[in-house]
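Notes follow once the structure below has been shown.
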Amino acid sequence: MDQRAGAEHYAEIAAAYDGHWVYGAEYVPWMSARIAEALDLSATDRIADIGGGTGLFAREVARIVRPERPILCVDPSEAMLRQIPAPDRSGSPLSESLTPVLASAEDIADARTVLPYPELDAVWLKESVHHVTDPGATLRGLAQRLAPQGRLLVVMLPATIQYPLFRAALDRFEELQPDPADIEAHLERAGLRTRLFHVEHELRIDRAKYLAMVRGRYMSLLSTFDDREIEEGIEEIRATHPEPVLVFPDRFAFVLGVREGGTR
């Protein structure tokens with residue numbers, strides 16, 4: 001998907017985005033905990049979520065880590081960033097735990113956007129690397145924004161998935177999805193020490209809700225299908241998955257890069 005189409009997609013679904021991603025009460029806490037664990041986050045880290053959208057995962061990471069400085073929630077969609085709650089007057093540290101930054105991954109990589117922190121200790125991109133036009137150049141630029149011993153984590157779906165989607169969507173996903181091994185190679189060429197591993201979570205979701213998510217194009221991939229194709233796809237899902245509750249694995253590749261030098 002090109003950047004313009006991606007921007008239009010997220011502008012359309014921004015208000016309902018969090019609802020699309022909350023498969024169940026345990027999903028966001030589970031994923032956020034895996035991100036915090038993989039990055040070995042501490043309260044003193046200067047942290048950025050690149051492609052963070054509404055801050056859905058960054059908010060939960062903040063609850064886990066209790067950062068001393070706000071997590072930068074970077075996204076090129078103003079509509080998505082508007083969904084981040086404004087700081088309240090409760091006095092709670094978490095009320096000011098996120099700072100929205102209107103920028104793309106490329107803007108950060110090329111230093112076109114000035115960040116509040118001169119260097120970053122921890123950065124993650126969750127399911128956004130496939131929107132990057134030139135992954136090698138962008139990841140290299142992001143690596144250069146890291147402090148010594150800084151960590152860069154790319155969270156992405158593997159090359160094949162077992163989602164209960166219609167066949168044409170699954171086929172298109174395999175055509176478009178980057179290979180995690182290629183992303184690891186980009187990080188290695190950027191001078192980072194890398195590790196590639198996988199995490200998996202079992203999803204259980206009411207079929208009616210999942211079909212509504214498909215109709216709402218909860219995955220950017222689905223925005224490449226028109227309304228007729230989506231409705232035909234939904235009918236295919238109904239026929240293939242008559243069970244009222246869909247159960248399937250959500251498996252993610254975690255590609256971690258660490259910048260050498262310094263000590264933690």
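The values are calculated or read from the model by the stated rules, or taken from the named source; none is laboratory data. What you see is a predicted model; the values in this text were computed from it and never measured. Heads up, the Cβs are rebuilt from the backbone with ideal geometry, glycines too, and the neighbour counts pull from every protein chain shown.
Against the conditions (1) touching a helix residue (DSSP H, G or I) at 6+ places or on another chain (Cβ under 6 Å); (2) under 27 Å from residue 180 (Cα atoms), where does residue 39 fall short? Just the number, please.
Status for residue 39: all satisfied but (1).
Would you confirm whether or not the range 1-8 contains a residue that is charged (D, E, K, R), part of a helix (DSSP H, G or I) and modelled with pLDDT under 90?
Yes, the range 1-8 has at least one match.
In the range 102-132, which residue that is touching a helix residue (DSSP H, G or I) at 6+ places or on another chain (Cβ under 9 Å) and free of Cβ contacts under 8 Å to residues at least 40 places away in the same chain is nearest to residue 192 (Cα to Cα)?
It comes out as 109.
Can you tell me which residue in the range 173-191 is farthest from the chain's Cα centre (by Cα), limited to those that are surrounded by fewer than 18 Cβ atoms within 10 Å (Cβ to Cβ) and of a type in the set (Gly, Ala, Ser)?
191
Out of all the residues in the range 192-223, which are out of contact with any strand residue (DSSP E or B) (no Cβ under 7 Å at 6 or more places or on another chain) and closer than 28 Å to residue 257 by Cα?
Result: 219, 220, 221.
When residues of the range 217-228 are filtered for being touching a Leu at 6+ places or on another chain (Cβ under 9 Å) and assigned to a helix (DSSP H, G or I), how many remain?
Selection size over the range 217-228: 3.
Identify, please: which residue in the range 167-184 is touching a helix residue (DSSP H, G or I) at 6+ places or on another chain (Cβ under 8 Å) and assigned to a helix (DSSP H, G or I) and is, among those, nearest to residue 36 (Cα to Cα)?
183
Using beta carbons and a limit of 9 Å, which pairs, at least six apart or on different chains, have the first residue in the range 71-89 and more than 24 Å from residue 119 (Cα to Cα) and surrounded by fewer than 21 Cβ atoms within 10 Å (Cβ to Cβ) and the second one at pLDDT 85 or above and hydroxyl-bearing (Ser, Thr, Tyr)?
From the range 71-89, the pairs are 82/54; 83/54; 87/97.
What about residue 262, is it at pLDDT below 95, of a type in the set (Gly, Ala, Ser) and touching a His at 6+ places or on another chain (Cβ under 7 Å)?
So residue 262 fails the test.
Kindly list, by first and then second residue, each pair from a residue in the range 225-249 that is in contact (Cβ under 8 Å) with a residue 60 or more places away in the chain to a residue that is among the acidic types (Asp, Glu), limited to pairs with Cβ atoms under 7 Å and residues at least 6 apart or on different chains.
Here the result reads 249/200; 249/202, each pair linking the range 225-249 to a residue that is among the acidic types (Asp, Glu).
List, please: which pairs have Cβ atoms under 6 Å, are six or more places apart or on different chains, and start with a residue in the range 174-187 that is under 11 Å from residue 257 (Cβ atoms) and modelled with pLDDT under 95 and end with one that is of a type in the set (Lys, Arg) and assigned to a helix (DSSP H, G or I)?
none
Does any residue of the range 153-161 turn out to be exposed (fewer than 13 other Cβ atoms within 10 Å of the Cβ) and within 17 Å of residue 130 (Cβ to Cβ)?
Of all residues in the range 153-161, those exposed (fewer than 13 other Cβ atoms within 10 Å of the Cβ) come to 160.
Subsequent filtering for residues that are within 17 Å of residue 130 (Cβ to Cβ) retains 160.
Yes: one or more hits.
Quick one: in the range 192-216, of everything that is within 19 Å of the chain's Cα centre (by Cα) and part of a helix (DSSP H, G or I), which residue is modelled with the lowest pLDDT?
213
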